[in-house]
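Please read the structure below before turning to the comments.
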Amino acid sequence: MLHMKVVEEDVDSLVRSLHGQGVNFKGQSILVTGGGGFLGSYICDVLVKQRAQVICVDNFSSGRMENVQQLTGLDNFTLVEHDISQPIFFDKQIDVVLHLASRASPFEFARFPIQIMKVNTLGTWVALGIAKEHDARLVYTSSSEIYGDPDPEHIPTPESYTGNVNPVGPRSCYDEAKRAGEAFINAYRIQHRLDTRILRIFNTYGPRMRPGDIYGRVVPRFVDQALSRRPLTVFGDGTQTRAFTYVSDMVEGILRAAWVAEASGEVFNLGSTVKTRIIDLARMVLELTGSESEIEFRPLPEDDPRRRCPDVGKAKKLLEWEPRIGMEQGLMRTIVWFRRSSIK
């Protein structure tokens, strides 16, 4: 299918880039929770091409079978349909656990708060148990949500910032669960001396993201709305800022963090440092799609952060990583994928 070409090009580029940096998981057995999701499926694609033995665990509550169907049947890919918040055991040795499973769209927080809490607490506990049993390295994808709405003095936000979070707000099922997940990781690192890495991921976009009011985050929602000639919904006045990272840059950061020995026990911000206003993003999408859709303003949701931008100095130093793909290039690749994809 034509829309798959964009993803294949991203994956091939990632494999070449990682090879050039000496990052190759060939022969290692790697468990990817949430492997059918947006980031997880890209990671599975890359690792399979590197000839790792990949075990993808997903219950497809928000991931899609279409994201990994091209891998099923390959001798180095195993798909296990399972809810990671429930115990699971593996007979074969596992070398690395990449724990990515979780719903992540703010539009899902009101509909699935218990599932989101469970996967980031009980699911993290299960993933840690697997890592402990196999003496495996564990990488946990946390979120910029753990910072809440940082004050201006903490923009860009360093890993040392402890956050401004509402524990009973509409986003608490996600941000507090991610914070609890980090505490689980730290406890196992201290008590069981596990090799762990925590990654606080900032806004990421690209092919395979879900569009729509429920599943769509801002970039795929805008692109979908523009291509279908519907109004682009901007919350508030659109002056709130985010730092957007294209999916292949983010996946490279995750895999470098999983590889680099010096990353053990560390916490990293991963994201772009280029701040973009939401209203400017909407206008950019309209220009790149050639859409004549209007922009429609809606009330700002409660506790919606006014600004997000990471300090990635630590990732630059220890992981030798920083995003390379600019916003216009990344958006164009995302738009091409959405034009060619029949998935809605």
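Please determine, in degrees from 0 to 90 and to the nearest 10, the orientation of helix 113-134 with respect to the longest principal axis defined by the Cα atoms of the chain, where the helix direction is its Cα long axis.
For helix 113-134, the angle is close to 30 degrees.
Cut-off 18 Å, label point 7 angstrom out along Cα-to-Cβ of Lys26: give me the residues of region 42-60 whose amide nitrogen falls inside.
45-54
If we count every other residue with Cβ under 11 angstrom of Asp151's Cβ, Lys/Arg +1 and Asp/Glu -1, where does the sum land?
My count for the surroundings of Asp151 gives 0.
Name the residue farthest towards the positive end of the dipole of the chain from the options Ala261, Gly129, Gln225, assuming +1 on Cβ of Lys and Arg, -1 on Cβ of Asp and Glu, about the Cα centre.
Comparing the listed Cα positions along the dipole, Gln225 ranks first.
In debye, nearest 20: dipole of the chain around its Cα centre with unit charges on the Cβ of K, R (+) and D, E (-)?
300 debye
Rounded to the nearest 500, what is the chain's calculated 222 nm mean residue ellipticity when only DSSP H runs of at least 4 contribute -39500 (n - 2.57) each, over all residues? Please list the in-between numbers first.
Working: 8 runs with 121 residues, N = 344.
Result for the chain: -11500 deg cm²/dmol, rounded to the nearest 500.
Excluding residues fewer than 8 places away in the same chain, name every one of the aspartates and glutamates whose C-alpha is closer than 12 Å to that of Lys26.
The qualifying aspartates and glutamates are Asp95.
Rounded to the nearest 10 degrees, what's the angle between the helix 278-289 long axis and the longest principal axis of the chain, both from Cα atoms, 0 to 90?
Result, in degrees: 80.
Near the amide H of Asp311, under 5 Å away, which other amide H atoms are found, from residues 5 or more places off or on another chain, if H is placed in the peptide plane?
Under 5 Å from the amide H of Asp311 lie the amide H atoms of Thr157, each far enough along the sequence or on another chain.
Roughly what % antiparallel, to the nearest 5, for the DSSP beta bridges in the chain?
DSSP beta bridges in the chain are roughly 5 percent antiparallel.
If contacts are Cα pairs under 8 angstrom and at least 6 residues apart, what is the relative contact order of the chain in percent? List each step's numbers first, then the result.
Details: 687 pairs, mean separation 61.8, N = 344.
In percent, rounded to a whole number, it is 18.
For the ranges 304-314, 195-205, 268-278, what's the packing order if you count other beta-carbon atoms within 10 Å of each residue, average per peptide, and put the highest first?
Final packing ranking: 195-205, 268-278, 304-314.
Two decimals, Cα atoms only, Kirkwood Rh: what is Rg/Rh over region 176-328?
Radius of gyration relative to Kirkwood radius: 1.04.
Could you work out Rg/(2.2 N^0.38 Å) for region 108-237, with Rg from alpha carbons only?
1.22
If we sort 289-298, 320-329, 168-177 on the protection proxy, mean other Cβ atoms within 10 Å, highest first, what's the order? Walk me through the numbers on the way to the answer.
Details: 289-298: 13.7, 320-329: 16.0, 168-177: 19.5.
Result, highest mean first: 168-177, 320-329, 289-298.
Report, to the nearest 10°, how far helix 247-259 tilts away from the longest principal axis of the Cα atoms in the chain, using its own Cα long axis and a range of 0 to 90°.
20 degrees
Can you tell me how region 1-138 classifies by the Cα gyration tensor, rounded, prolate or oblate, using a/c under 1.5 as the rounded cut? Display every interim value, and only then the final one.
Values: a/c = 1.87, a/b = 1.21, b/c = 1.55.
Oblate is the answer for region 1-138, as a/c is 1.5 or above yet b/c matches or exceeds a/b.
Under 26 Å from the Cα of Lys178, which lysines turn up, not counting those fewer than eight places away in the same chain?
Lys118, Lys132, Lys275, Lys314, Lys316, Lys317
Counting only other residues whose beta carbon sits under 12 Å from that of Val57, what net charge do I get with K and R as +1, D and E as -1? Could you put the intermediate results ahead of the total?
Values: positive: none; negative: Asp58, Glu81, Asp83.
Net charge in that neighbourhood comes out at -3.
For region 59-184, rounded, prolate or oblate, judged on the Cα gyration tensor with a ≥ b ≥ c (square roots of eigenvalues), a/c < 1.5 rounded, else prolate if a/b > b/c?
Judged from the Cα gyration tensor, region 59-184 comes out prolate (a/c at least 1.5, a/b above b/c).
Counting Lys and Arg as +1 and Asp and Glu as -1, each charge on the Cβ, what is the dipole of region 178-319 about the Cα centre in debye, to the nearest 20?
Dipole magnitude for region 178-319 comes out near 420 debye.
For region 271-320, with only Lys/Arg (+1) and Asp/Glu (-1) charged at the beta-carbon, what is the dipole magnitude about the Cα centre, in debye rounded to 20?
480 debye
Which order, highest average first, do 87-93, 182-188 follow once you tally other Cβ atoms within 10 Å for each residue and take the mean per peptide?
Numbers: 87-93: 10.7, 182-188: 17.9.
Sorting 87-93, 182-188 by mean packing, highest first, produces 182-188, 87-93.
For the chain, compute the orientation-averaged projected area of the C-alpha convex hull (one quarter of its surface), in nm².
15.6 nm²
Rule-based calculations on the coordinates, nothing more; no lab input. What you are looking at is a predicted structure, and each value in this text was computed from that prediction instead of being measured. In this analysis, Cβ positions are derived from the backbone assuming ideal geometry, glycine residues included, and neighbour counts consider all displayed protein chains.
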